[in-house]
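Since the structure comes first, as structure tokens, the remarks are kept for the end.
Each value in this text was obtained by applying a stated rule to the coordinates, not by laboratory testing. The structure presented is a predicted model; accordingly, all values stated were derived computationally and were not measured. Note that we place each Cβ from the backbone using ideal geometry, even for glycine, and neighbour counts take in every protein chain shown.
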Amino acid sequence: MTIESRVTDDTTTPDILTVSELNRQVAQSLENEFGLVWLTGEVSTFTRASSGHLYLTLKDASASVRAVMFRGRLAYCEFQPSVGDQVQIKARVGLYEPRGDFQLNIQTLRRAGRGTLYEQFLLLKERLQAEGLFDLANKRPLSEHPRAIGVITSLGAAALHDVLTTLARRAPHVPVIIYPSLVQGLSAPLELRRALAAANSRQEVDTLLLVRGGGSLEDLWAFNDEGLARDIASSALPVVAGVGHESDVSIADFVADLRAPTPTAAAELACLPRQALLDQIKGLSLTSQQIVMRKLERLAQRLDRTGYGLVSPSQRLEQRWQALALLSKRLEHVVPDIERLEDQLKRQSQSLTRLMSDALTSQRNRLALQHSQLETLAPAATLARGFAIVRGPDGIILTDASQVKSADLLSIDLAKGQLKATVVSKTP
């Protein structure tokens, strides 16, 4: 059946179509005639329904047309348009049959002029990926405790304010060094490369943040520069890329050692928060105290064992005299050579005196050395280095602020003297 009515004579009954049949045939004719077309225009109205479908109107200087993009196709769209945007669409020409409205069924939606740039982006991405510049094995780990953090961005960028605010709140103890550069325009890629080279040459930071705010593909194009990508890949310093908003993707994101969805997120990934560092220090302090206590205990036991093995000089002398008395008794039964025995006895006495003196000196030296080591590790020596022992009202040594309450009277032992203090406030 065709759209037109055929009348052969006055007695012939014409083909009478229903409205639904007419709209269906018109829709099929439009789709068959035009198929897929590329169209450019300005978004004049824009609505996203609760179903997830996108409805908009495209216009130029003298006409407008309605269009729809169904949710399934919208999942492949890389941006969400707004009123006033210049866009390019690939669509099927058709008719909304229930109302007879002429409309376009959008298959592809992109910003006007993006086609050429986006194709360049995809080609460069594919080439660098094939060279291995995106491989995870080449990514450098970030320093957990950076001595300083570098930021490459424009001095007037909002991204710089966001990064500095985040670092001041999260890690005020970490210095920040800015390497200024343009982040948009024809000269931006070269300036970004120079800033990156300066940071690597000066070696004054442990982590670099490459950041800028969001924008169009054209605005972010400097971060798709091949030379910049290769410089990032060969950088001696690890680089965190925080370019644009979460949906923005650049070549720099793939080459960087870590990609952050926003400049603020890049600052958060660059260092641990101050409280986490304080918790680590507290844990290390407790561990050090335990190590020192165990060392003191071992030295005390060693000193005890050494003391048990010491023999006093009087005991050694007594043993020698006993041996001499025994020898004298034996000599009573033989004819002694008095002169020889006296000479022998004199030599033995001198030898004994010398041995006892040497033994006594050796033991004194060992004891002095052990006593010096023990004094170095003793609590009194620790107090002399500026530490103090704080005791609560019950005399128990305090290790936690929660053990006392306001107005409690504390006793503080110093290396020289003792203080009394009253709790005014406490911080857990």
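State the volume of the convex hull built on the alpha-carbon positions of segment 117-272, expressed per residue in Å³ and rounded to an integer.
Taking the convex hull of the Cα positions in segment 117-272, it is 94 Å³ per residue.
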>> Suppose only helical runs count, i.e. DSSP H with n ≥ 4. What mean residue ellipticity at 222 nm does that imply for the chain under -39500 (n - 2.57) per run, divided by all residues and rounded to the nearest 500 deg cm²/dmol?
In response: -14500 deg cm²/dmol
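Ranked from highest to lowest mean number of other Cβ atoms within 10 Å per residue, what is the order of the peptides 172-183, 291-302? Could the numbers behind the result be given before it?
On the way: 172-183: 17.2, 291-302: 11.9.
Ranked by mean Cβ neighbours within 10 Å, highest first: 172-183, 291-302.
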>> Tell me which of Val249, Ala267, Val37 sits at the most positive position along the dipole axis of the chain, charges placed on C-beta atoms (Lys, Arg +1; Asp, Glu -1).
In response: Ala267
> Regarding the chain, what are the three Cα extents along the principal axes, ordered largest first, in Å?
Replying inline: 177, 59, 46
>> Could you tell me how far the Cα centroid of segment 367-428 sits from the Cα centroid of segment 41-105, in Å?
In response: 76 Å
>> Which three extents, in angstrom, do the Cα atoms of segment 19-112 have along their principal axes, listed largest first?
In response: 37, 31, 20
>> Cβ neighbours within 10 Å, averaged per peptide: list 57-70, 362-375 in order, most packed at the top.
In response: 57-70, 362-375
>> For Ile178, what residues show an amide H to amide H distance below 5 Å, using hydrogens built from the backbone and excluding near sequence neighbours?
In response: Val151
> Taking the chain as a Gaussian network, where each spring joins two C-alpha atoms under 10 Å apart, which residue of Asp135, Asp358, Asp85 fluctuates the most?
Replying inline: Asp358
> Of Ala267, Ala256, Ala49, which is the most mobile in a GNM of the chain whose springs link Cα atoms less than 10 angstrom apart?
Replying inline: Ala49
>> Compute a Gaussian network model of the chain, connecting alpha carbons closer than 10 Å, and tell me which residue from Arg212, Arg99, Arg230 fluctuates the most.
In response: Arg99
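Tell me the relative contact order for the chain as a rounded percent, counting alpha carbon contacts under 8 Å between residues six or more apart. Mind showing how you got there, number by number?
Details: 609 pairs, mean separation 37.0, N = 428.
Reported as a whole number, the value is 9 percent.
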>> Quick check on segment 379-428: what does the Kirkwood estimate of hydrodynamic radius come out to from the alpha carbon pairs, in Å?
In response: 11.4 Å
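Sort the following peptides by mean Cβ neighbour count (other Cβ atoms within 10 Å, averaged over residues), highest first: 121-133, 239-251, 215-227. Kindly include the intermediate steps, with their values, before the conclusion.
Working: 121-133: 13.2, 239-251: 21.8, 215-227: 18.6.
Put in order of decreasing packing, that is 239-251, 215-227, 121-133.
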